[in-house]
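A.B. asks: I am attaching a structure below and will ask some questions about it afterwards.
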Amino acid sequence: MGTKIYLSTTGAPVDPEDARISVFDRGFLYGDSVYETMRSAGGRPVELARHLARLHRSAAGIGLVIPFADAALGDAIAQTHAATGNPESYVRVIVTRGVGPLMLDPRRSEDPTLVIIVQPLVVPDEAAYRRGLAAVIVGQTKTTGGLLDPAIKSGNYLGSILALRQAIAEGGDDAILCAATGEIAEGATSNVFFVAEGVVRTPDLQAGLLAGITREVVCELSAELGLPVQTGRVWPDDLRGADEVFLTSSVRGIMPVTKLDGRVVGGGVEGPITARLRARYDAYLAALG
Ligand SMILES: Cc1ncc(COP(=O)(O)O)c(C=O)c1O
């Protein structure tokens, strides 16, 4: 069990202490990069094809052409996971615009850097899922309509980091961010769902958010359970008055929110529809393994 890093510069998995990239790499200097985070199930990255498709969409969104074929990326991930000996892994794939002179102009950086970090998968235990999280709806807004589309999963997460800092300062575990209109967009590193009067709802992509792969999968599984997810505009008061709230992301899966802005949500523990969806999501992961 352990951590291994694959770098395009070495072309093979190495130990973390041997994984070095230049301080002139634009990923380090400017967050000029795109990335994906996945977990494995049965030793294979979950929804790899959808994650790689989003990586390409993100790259296109910042004018970066990824020079690594999907098959080569898949092989590098598999090789790195095998080198760790982990039964299941956390997998992060990062592509930066590469090394260049110390100037913002991106035209002189034409050799993207690939970094794949594979480490042991750590997920919350069952008690943590039942207990759920305390989330805080923060004042910061997503920069919708700006140059950096929130649909791009770039290496620049300062907005989410500041939102998380604020949530923690207010006694929360996680942050929920709003769009410039004041409507709910997404979590710091997750998408947001809620249940009201038996209906599962989530903000529409128009709110300016990352099209989460888990969000997509949860919508599919929910429909299978006869609970089609409604998308639309969601306001802070919708969440505050909801019976159940949960966050979705590739590593945590479905994580209940049982406290919002210091107030208890529903019964203060994982709600019944969230529990049904989480059980269905666990079965989906088990079937992949
Ligand atoms: C801002 C943001 N929204 C949503 C998500 C959830 O996406 P996924 O389900 O693809 O992990 C993430 C994941 O890191 C994220 O960073």
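A.B. asks: Say we look at region 240-259 and pick out the residues that are over 16 Å from the mean Cα position of the chain (by Cα) and farther than 11 Å from Gly132 by Cα; which of these is surrounded by the fewest Cβ atoms within 10 Å (Cβ to Cβ)?
C.D. replies: Residue satisfying both the conditions and the ranking: Gly241.
A.B. asks: For region 172-179, check the following and say yes or no: at least one residue is in contact (Cβ under 8 Å) with a residue 40 or more places away in the chain, within 15 Å of the ligand (Cβ to nearest atom), in contact with a strand residue (DSSP E or B) (Cβ under 8 Å, 6 or more places away or on another chain) and over 26 Å from Gly31 (Cα atoms).
C.D. replies: No.
A.B. asks: Is it the case that region 136-157 has a residue that's of a type in the set (Gly, Ala, Ser), surrounded by 20 or more Cβ atoms within 10 Å (Cβ to Cβ) and away from the ligand (no atom under 12 Å from the Cβ)?
C.D. replies: no
A.B. asks: Scanning region 239-275 for residues that are of a type in the set (Gly, Ala, Ser) and part of a strand (DSSP E or B), which turns out farthest from Ala175 (Cα to Cα)? I'd like the intermediate steps shown before the answer.
C.D. replies: Pass one, region 239-275, residues of a type in the set (Gly, Ala, Ser): 241-242, 249-250, 253, 262, 266-268, 271, 275.
Then drop every residue that is not part of a strand (DSSP E or B), which leaves 249, 253.
Values: Ser249: 14, Gly253: 16 Å.
The qualifying residue farthest from Ala175 (Cα to Cα) is Gly253.
A.B. asks: Could you pull out the residue among Ala71, Ala76, Ala60, Ala53 that is away from the ligand (no atom under 16 Å from the Cβ), in a helix (DSSP H, G or I), out of contact with any strand residue (DSSP E or B) (no Cβ under 9 Å at 6 or more places or on another chain) and closer than 22 Å to Asp32 by Cβ? Quick ask: steps written out before the conclusion?
C.D. replies: On the way: Ala71 fails: closer than 22 Å to Asp32 by Cβ; Ala76 fails: out of contact with any strand residue (DSSP E or B) (no Cβ under 9 Å at 6 or more places or on another chain); Ala53 fails: away from the ligand (no atom under 16 Å from the Cβ).
Ala60 is the lone residue from the list that is away from the ligand (no atom under 16 Å from the Cβ), in a helix (DSSP H, G or I), out of contact with any strand residue (DSSP E or B) (no Cβ under 9 Å at 6 or more places or on another chain) and closer than 22 Å to Asp32 by Cβ.
A.B. asks: If you don't mind, another one. Output the number of residues of region 180-194 satisfying the condition of being more than 15 Å from the ligand (Cβ to nearest atom), surrounded by 23 or more Cβ atoms within 10 Å (Cβ to Cβ) and not in a strand (DSSP E or B).
C.D. replies: So the answer is 0.
A.B. asks: Right, another one. Which residues, counting only those in region 195-218, are out of contact with any helix residue (DSSP H, G or I) (no Cβ under 6 Å at 6 or more places or on another chain), more than 8 Å from the ligand (Cβ to nearest atom) and closer than 18 Å to Val257 by Cα?
C.D. replies: Answer for region 195-218, where residues must be out of contact with any helix residue (DSSP H, G or I) (no Cβ under 6 Å at 6 or more places or on another chain), more than 8 Å from the ligand (Cβ to nearest atom) and closer than 18 Å to Val257 by Cα: Ala196, Glu197, Gly198, Val199, Arg201, Thr202, Pro203, Val218.
Bear in mind these aren't lab numbers, they're just calculated from the coordinates by the rules spelled out. Remember, it's a predicted structure, so these values are computed and weren't measured experimentally. Quick reminder, even Gly has a Cβ in these numbers, built from the backbone with ideal geometry, and neighbours come from all protein chains shown.
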